[in-house]
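Following: one structure in structure tokens, then a few remarks.
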Amino acid sequence: MSLLVLPFSAFAQDRQVADTIVLPELVLQALPFTGEIEGYLAPGTETGVKSGVPLEEVPQSISVVTSTELQRRAPSQVEDAIKYTVGVNASTWGTDDRFDQFAIRGFDLGSGSLYRDGLPQKVLGFTAFSSHPYMLERVDVLRGPAGVLYGSNDAGGMVNLVTKRPVFERKAEARLGYGSHDSVEIGFDYGDVLNADNTLAGRITGLWRDGSTEIDNSDDDPAFLSAGLTWAPTDLTSVTLLAHIQKDDRTPTTFFPITGEDYDAAFGALPDDFGYAASPYNDFRTEQRSVGLEITHEFLPELALNSRIRYAHQDTDYRHLYRDGISSKGISYTAFRQVEDARTIGADINLEWRRSFGGAENSLTAGLDYHRAERDAEQYYKYGAYTMPFTNISYDFDVADPALSGRSRKTYTEKGIYLQNHLNFGQGTTITAGLRRSWLENKAEDRLADTTSRRKDSATTGMIGATHRFANGLAPYVNYSEGFIQNAGITIDGDPLDPSRNKQFEIGLRYMPASGDLLLSAAAFDLRKTNVEDYYFDENGNIDYTHSTQVGEIRARGVELEARGRLTGSLQGVLGYTYLDTEITESANARKKGNDNIMSPRHQVSLWLDWDAERLLPGLTIGGGLRYQSDSYATQLNGRVTPSHTTADLALRYEADEYALDLGVTNAFDKEYYGVCYDNLGCAYGEGRRVNLTLSRQF
């Protein structure tokens with residue numbers, strides 16, 4: 001982990017002689033790229049530039065959800081943590097607690113673009129390696145291609161979760177909460193220096209909740225315990241061990257049909273609350289473990305080593321009774337169960353060489369990374385296993401596991417080498433450039449049929465950008481970046497598909513007033529994904545679901561406006577507006593060409609403000625937010641609209657001595673809206689009103 005050292009404050013030395021001119025002592029403080037941040041504006045990041053730079057020197061659009069924002073809004077999932085971030089469409093699949101689902105700049109990324117501490121934490125089948133926001137100290141959202149630093153990713157960008165880690169000071173918090181649907185929660189966060197030499201620090205964080213959602217027969221029971229140990233024998237060396245265990249019992253999404261749209265109204269009517277009904281069979285249980293090691297060492301003032309490695313393992317047991325058709329006989333359901341055992345290991349090792357050239361400061365980072373993910377799965381599946389007649393609309397019937405239908409193992413390996421150079425000319429101008437070469441391999445084994453297929457790919461990506469800060473606080477930037485993502489299909493000739501490519505041109509303007517606690521940002525971009533996988537159509541126009549072609553192209557253009565930080569002495573928060581225009585410019589299916597891409601609302605507005613209400617009551621803070629999202633589509637055929645919606649959230653906090661009382665309300669007006677509507681499948685509700693009251697104490 002690199003640190004940028006900046007002047008912070010000055011203190012007068014003791015005078016030795018009355019007439020002596022005493023110069024102030026210059027005290028240096030590191031600019032934090034991890035750790036708690038007071039307020040809504042992070043001063044720097046190492047997500048966009050691995051050597052670590054002030055936020056305004058990143059030549060690409062980036063936002064940071066700080067520890068203050070996480071504390072004030074108390075999100076229950078990562079997708080909730082980033083829902084006020086510009087360019088992000090959170091909860092793209094409605095109330096679905098299996099994964100963190102979101103889209104960035106018009107590309108539905110799901111959990112395929114998540115990283116933790118700079119290492120991949122991507123979904124494997126139904127294994128998502130999810131993280132609870134209470135174990136995080138910040139969330140960085142980098143928008144646009146990130147292929148140079150992070151390898152295979154979709155076009156919209158990536159999200160980096162930064163884990164809470166030891167600090168060399170005492171930290172002790174205990175919390176107890178109660179909320180909607182009889183949810184009970186207990187949590188704690190404790191850390192301190194562990195030896196007299198002040199070279200060893202530890203931290204342990206935990207949370208347990210027993211609850212449910214508004215969906216019938218649902219569970220919302222996350223639990224985790226994370227721990228960290230940091231040894232820093234000198235200012236030049238730091239070794240951090242991070243580990244955690246986690247056990248979750250969650251509820252999968254529930255789609256329900258709309259009468260007259262998804263089925264003939266003459267078949268019968270559904271109860272008004274059918275959208276909240278679900279089978280007791282539905283369940284999503286996971287057990288997860290991870291251990292990681294971070295080492296930084298400065299060999300010379302000009303040369304530093306940064307290395308990270310993490311191993312994670314998760315068991316998943318997923319059961320779902322989902323609708324597969326509707327007729328006059330009733331609603332037909334498929335019984336599905338998938339049991340998975342997944343393992344992943346990620347490593348990133350780089351050397352940073354810093355050198356001054358005249359008045360310029362140059363930082364060259366050369367690194368290599370490695371990611372291997374392996375998943376064993378057993379699938380139990382029976383199509384049309386049960387029928388619910390319209391004369392008895394109820395899930396009150398037993399569901400048994402179907403017979404074994406598949407046993408497989410999938411292995412994904414990615415290796416890469418990269419270079420990134422950040423040149424600061426010392427007059428407000430910086431240039432950042434990077435280059436990467438990646439090698440990818442996918443191996444799929446059908447363990448019932450005893451067959452194996454293997455595919456290898458490679459990709460080269462680059463980026464270049466420049467920023468300039470004027471004396472008045474204005475900082476324009478320009479960027480070109482590239483990325484890629486591997487595809488899983490095969491052509492009609494049996495050949496593996498090439499990776500899809502993505503590239504982006506972006507210009508932006510940031511403004512930071514002299515106070516340094518507010519950042520205004522504007523960005524305009526042209527983002528394209530080429531070599532997009534699509535189904536193969538024969539010469540007669542018939543679709544072949546088993547083979548693919550790569551003639552697809554998606555274009556996304558847009559403008560993003562964001563304000564983060566302190567607006568007045570008593571008011572701080574975040575404001576964002578996104579205008580997005582997506583188009584499928586090429587497709588094997590003529591019906592798709594010219595349509596919008598999926599999960600791409602044309603307009604999004606988000607506003608969250610915290611007001612220090614000291615004048616009303618000492619210790620009181622009042623927070624509130626509004627989010628608007630316009631219409632969008634769930635499929636590229638654009639056959640069905642997900643209607644626009646506006647929701648409001650509220651947060652009250654009262655502090656007295658070492659105690660704090662927090663009241664959080666999401667969807668405060670209990671707005672009933674569709675989180676997603678899918679062609680011929682139905683709709684899924686967004687989350688209704690949820691109230692949580694939490695009492696915490698600092699020790």
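The values are calculated or read from the model by the stated rules, or taken from the named source; none is laboratory data. What you are looking at is a predicted structure, and each value in this text was computed from that prediction instead of being measured. FYI the Cβ positions are ideal-geometry reconstructions off the backbone, even for glycines, and counts take in every protein chain you see.
List of remarks:
- If you check T387, T432, T413 for being of a type in the set (S, T, Y) and crowded, with 18+ Cβ neighbours inside 10 Å, only one passes: T432.
- Matching residues in segment 537-594 - criterion: being among the small types (G, A, S) and part of a strand (DSSP E or B): S548, G552, A556, G558, A563, G565, G573, G576
- Some residue of segment 433-446 being within 29 Å of R343 (Cα to Cα), in a strand (DSSP E or B), of a type in the set (G, A, S) and touching a residue at least 40 places away in the same chain (Cβ under 8 Å): yes
- Looking across segment 169-215, the residues that are surrounded by fewer than 17 Cβ atoms within 10 Å (Cβ to Cβ), under 20 Å from E687 (Cα atoms) and among the acidic types (D, E) come down to D182, D210.
- Residue that is modelled with the highest pLDDT, among those in segment 97-116 that are more than 12 Å from the chain's Cα centre (by Cα) and under 19 Å from Q288 (Cα atoms): R98
- When I485, I490 are checked against the criterion of being farther than 30 Å from E57 by Cβ and surrounded by 15 or more Cβ atoms within 10 Å (Cβ to Cβ), a single residue qualifies: I490.
- Summed over segment 117-135, residues that are under 12 Å from the mean Cα position of the chain (by Cα) and assigned to a strand (DSSP E or B) total 1.
- Residues of segment 633-655 satisfying the condition of being among the small types (G, A, S), at pLDDT 95 or above and surrounded by fewer than 18 Cβ atoms within 10 Å (Cβ to Cβ): S644, A648
- Matching option when the condition is part of a strand (DSSP E or B) and of a type outside the set (A, V, I, L, M), among S307, S279: S307
- Of all residues in segment 452-486, those satisfying the criterion of being within 26 Å of L109 (Cβ to Cβ) and of a type in the set (A, V, I, L, M) are A459, M463, I464, V478, I485.
For (1) of a type in the set (G, A, S); (2) in contact with a helix residue (DSSP H, G or I) (Cβ under 6 Å, 6 or more places away or on another chain); (3) more than 17 Å from Y311 (Cα to Cα), each residue gets a yes or a no:
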{"position": "V123", "(1), (2), (3)": "no, no, no"}
{"position": "P133", "(1), (2), (3)": "no, yes, yes"}
{"position": "G147", "(1), (2), (3)": "yes, no, yes"}
{"position": "A155", "(1), (2), (3)": "yes, no, yes"}
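- Residues in segment 665-684 that are assigned to a loop (DSSP other than H, G, I, E, B) and either touching a strand residue (DSSP E or B) at 6+ places or on another chain (Cβ under 9 Å) or among the β-branched types (V, I, T) (or both): N667, A668, F669, K671, E672, Y673, D679, L681.
- Segment 37-52 residues that are farther than 19 Å from E562 by Cα, paired with ones that are assigned to a loop (DSSP other than H, G, I, E, B) and of a type in the set (G, A, S) (beta carbon under 7 Å, 6 or more apart): E46/S2; E46/G52; S51/S2; G52/S2
- Per-region count, segment 228-237, residues surrounded by fewer than 19 Cβ atoms within 10 Å (Cβ to Cβ) and assigned to a strand (DSSP E or B): 6
- Selection of segment 447-473 for residues being loosely packed, with under 15 Cβ neighbours inside 10 Å and assigned to a strand (DSSP E or B) yields T451, T452, S453, R454, K456, S458, T460.
Quick grid of which residues meet (1) out of contact with any strand residue (DSSP E or B) (no Cβ under 9 Å at 6 or more places or on another chain); (2) at pLDDT below 85; (3) buried (at least 18 other Cβ atoms within 10 Å of the Cβ):
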position: G494; (1), (2), (3): no, yes, no
position: D498; (1), (2), (3): no, yes, no
position: Q504; (1), (2), (3): no, no, yes
position: S515; (1), (2), (3): no, no, no
position: A524; (1), (2), (3): no, no, no
position: I543; (1), (2), (3): no, yes, no
position: S548; (1), (2), (3): no, yes, yes
position: V559; (1), (2), (3): no, no, no
position: R566; (1), (2), (3): no, no, yes
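- Within the option set A660, A651, being in a strand (DSSP E or B), over 29 Å from E553 (Cα atoms) and in contact with a Gly (Cβ under 7 Å, 6 or more places away or on another chain) holds for one residue only, A651.
- Per-region count, segment 595-632, residues part of a strand (DSSP E or B) and at pLDDT below 95: 0
- Qualifying residue in segment 466-478 (condition: under 22 Å from Q504 (Cα atoms), touching a strand residue (DSSP E or B) at 6+ places or on another chain (Cβ under 9 Å) and of a type in the set (F, W, Y)): yes
- Residue that is nearest to G516 (Cα to Cα) [pool: residues in segment 568-594 that are modelled with pLDDT of 95 or more and of a type in the set (D, E, K, R)]: D581
- Every pair of residues 6+ apart whose Cβ atoms lie under 7 Å, when the first sits in segment 654-676 and is among the aliphatic types (A, V, I, L, M) while the second is in a loop (DSSP other than H, G, I, E, B): A656/G619; V665/R689; A668/R689; V676/T92; V676/W93; V676/G94; V676/A634
- Scope segment 155-174; condition more than 13 Å from the chain's Cα centre (by Cα) and more than 19 Å from S131 (Cα to Cα); matching residues: A155, V167, F168, E169, R170, K171, A172, E173, A174
- Evaluation of A265 against (1) crowded, with 22+ Cβ neighbours inside 10 Å; (2) out of contact with any Lys or Arg (no Cβ under 6 Å at 6 or more places or on another chain); (3) of a type outside the set (D, E, K, R) (one fails), failing number: (1)
- Total residues in segment 244-256 satisfying the condition of being part of a strand (DSSP E or B), crowded, with 17+ Cβ neighbours inside 10 Å and within 26 Å of the chain's Cα centre (by Cα): the figure is 5.
- Test for D96: is it free of Cβ contacts under 8 Å to residues at least 60 places away in the same chain, among the acidic types (D, E) and either surrounded by fewer than 24 Cβ atoms within 10 Å (Cβ to Cβ) or more than 26 Å from A475 (Cα to Cα) (or both): no
- Per the listing L509, L520, the residue uniquely in a strand (DSSP E or B), out of contact with any helix residue (DSSP H, G or I) (no Cβ under 9 Å at 6 or more places or on another chain) and buried (at least 17 other Cβ atoms within 10 Å of the Cβ) is L520.
- Taken as a whole, the condition of being in a loop (DSSP other than H, G, I, E, B), modelled with pLDDT of 95 or more and within 30 Å of G558 (Cα to Cα) does not apply to E687.
- Residue check, V22 in a strand (DSSP E or B) and either at pLDDT below 95 or surrounded by fewer than 20 Cβ atoms within 10 Å (Cβ to Cβ) (or both): no
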